[in-house]
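The values are calculated or read from the model by the stated rules, or taken from the named source; none is laboratory data. Keep in mind that what you see is a predicted model, and the values were worked out from it rather than measured. Note that we place each Cβ from the backbone using ideal geometry, even for glycine, and neighbour counts take in every protein chain shown. SASA here: full protein model, heavy atoms, side chains in, ligands and nucleic acids out. Shrake-Rupley method; radii C 1.70, N 1.55, O 1.52, S 1.80 Å.
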Amino acid sequence: MNLRHLIDFNDMTTTDWSMLYNLTCDIMKAPDKYAEVCKGKILATLFYEPSTRTQFSFQAAMHRLGGSVIGFADPNSSSVSKGESLRDTVKIVSGYADIMVMRNPLEGAAYAASLYSPIPIINAGDGGHLHPTQTMTDMFTIFNEKKTYENLNIGLCGDLFNGRTVHSFIKAFSRYKHNKFWLVSTKELKLPGYIHEIIHNTENEITITDTLEECIGELDILYMTRIQRERFKSEEEYKRQAGIYILTKDKMRKAKPDMIVMHPLPKVDEIYCDVDDDPRAIYFHQARNGMYVRMALILMFCEANRERYTDLNAYPLPQNKFCNNARCISNHEVYLPELTNDNSCAYCENKLT
Ligand code: NCD
């Protein structure tokens, strides 16, 4: 596998993904075989935003592979609170560790970090943008349950605007065909244009609706998400959106007997607790799968024979053209080179105007 960093799920080829999928299955079957394969390696976890599953599953994954973990879960306990730039933090930590996992509230942060890192950077969530290792967890779970990534009816419900797990999920599915996506949200929280366009330009179908009732009977997969309170400008705006979609036992009666309910977790009130006991609710199982896929990813990066270099001269200096997304890392870290892809910002993917 020729992957330097994992910023977006689609950084992997479909062959890379099947290799990782198979490795994950093997680790699950015979974990003892892998108990020391990362001995002597160090994983750094830099979490600038709260996390339970992602952070703990990465840490547990590295421990189960025999390696060690350093890092912070609260940037206020690191030199970030003294005003250190992302670039400097990355340069320092990459001198200590072999792999770096980063979660940051700004969109494009992991990509920005990768420009300065001689070691692999794994994006563990960059603001409301992407969350590729959650998508690995989701794709692993879906294949285990459905044995295919095609001809599926998939409902995505909740905060489709801010939900990075949804964005990554849809990008991953854009490589497959003949799926029907039901996008269930209020009009305020609908999918961002750039993600909508990605799926729109593929052989998959999209239906937009604002009620779960309209589609639940059709679905093979229902992917519920939390309204992302921390991404709203004000508490009032959040309150206007909170509690609109709640999956209940009653609604589950209308669903197919083999529909699966997924959720990246944490859940707040969008799934009523009586749904947890329904065998179709597989989110806790999904979360456990996440540890194993992360073991496979870490192992793959530990084994990669890489040249440790970054060529900063390859990047142009910043010019006077800024991304108009205030949540983009390029508007916060002033030294970042201006990088574009097809007139989109290379950090956060928003269209540049
Ligand atoms: C998600 C995240 O952080 O984006 N959680 C996770 O990583 N499992 C979803 C969320 O916070 O709602």
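Side notes on the structure shown:
- Span-rule helices in the chain, defined as complete DSSP H runs reaching 27 Å or more along the axis (Cα) with Kyte mean at least 0.0: 283-303
- A cut-off of 5 Å between modelled amide H atoms, ignoring neighbours fewer than 5 places along the same chain, links Ala44 with Ile70, Asp98, Ile99, Met100, Val101.
- What a 1.4 Å probe finds exposed on the chain is 49% carbon and sulfur by accessible area, rounded to a whole percent.
- Counting DSSP beta bridges with both ends in the chain, the antiparallel % (nearest 5): 10 percent
- Among 238-249, 77-88, 102-113, the peptide with the highest mean count of other Cβ atoms within 10 Å heads the list, and the full ranking is 102-113, 238-249, 77-88.
- Distance from the alpha carbon centroid of region 109-154 to that of region 185-253 works out to 19 angstrom.
- Cα-centre dipole for the chain with unit charges at Cβ (Lys and Arg positive, Asp and Glu negative), debye to 20: 420 debye
- Our coupling estimate for region 186-191, obtained by passing each phi through the Karplus curve with A = 6.51, B = -1.76, C = 1.60 and θ = phi - 60°, is 6, 5, 5, 10, 6, 3 Hz, Gly and Pro reported as x.
- A cut-off of 5 Å between modelled amide H atoms, ignoring neighbours fewer than 5 places along the same chain, links Tyr223 with Gly155, Leu156, Cys157, Met262.
- For the chain, with +1 on Lys and Arg beta carbons and -1 on Asp and Glu, the positive-most of Gln228, Tyr194, Ile208 along the dipole: Gln228
- In percent, rounded to a whole number, the relative contact order of region 133-281 is 24, using alpha-carbon pairs under 8 Å and six or more apart.
- Computed over the chain with a Gaussian network model linking Cα atoms closer than 10 Å, the most mobile of Gly95, Gly158, Gly290 is Gly95.
- Residue of Met100, Met259, Met291 that the Gaussian network model of the chain assigns the largest fluctuation, springs spanning Cα pairs under 10 Å: Met259
- Each label point was placed 7 Å from the Cα along the Cα-to-Cβ direction; for Ile70 and Glu36 their separation is 2.4 nm.
- Listed residues Cys273, Asn162, Gly67: farthest to the positive end of the dipole of the chain (Cβ charges): Gly67
- Take every Cα pair under 8 Å whose residues are at least 6 apart in sequence, average their separation, divide by the length of the chain, and the relative contact order is 18 percent.
- Counting all C-alpha pairs of region 1-97, share separated by more than 18 Å (%): 60 percent
- Pairwise label distance in nanometres, Asp210 with Val334, each label 7 Å out on the Cα-Cβ vector: 4.4 nm
- Rough spin-label spacing in nm, given labels placed 7 Å along Cα→Cβ, for Phe322 and His285: 4.9 nm
- Top positive-direction residue, dipole computed over the chain with Cβ charges, set Ile244, Asn331, Pro118: Pro118
- Per residue accessible area of region 133-281, 1.4 Å probe, in Å²: 43 Å²
- Residue with peak Gaussian network fluctuation, the chain [Cα springs, cutoff 10 Å], from Phe322, Phe140, Phe169: Phe322
- Efficiency of FRET between Lys82 and Asn343 - r from beta-carbon atoms, R0 41 angstrom, step 0.05: 0.65
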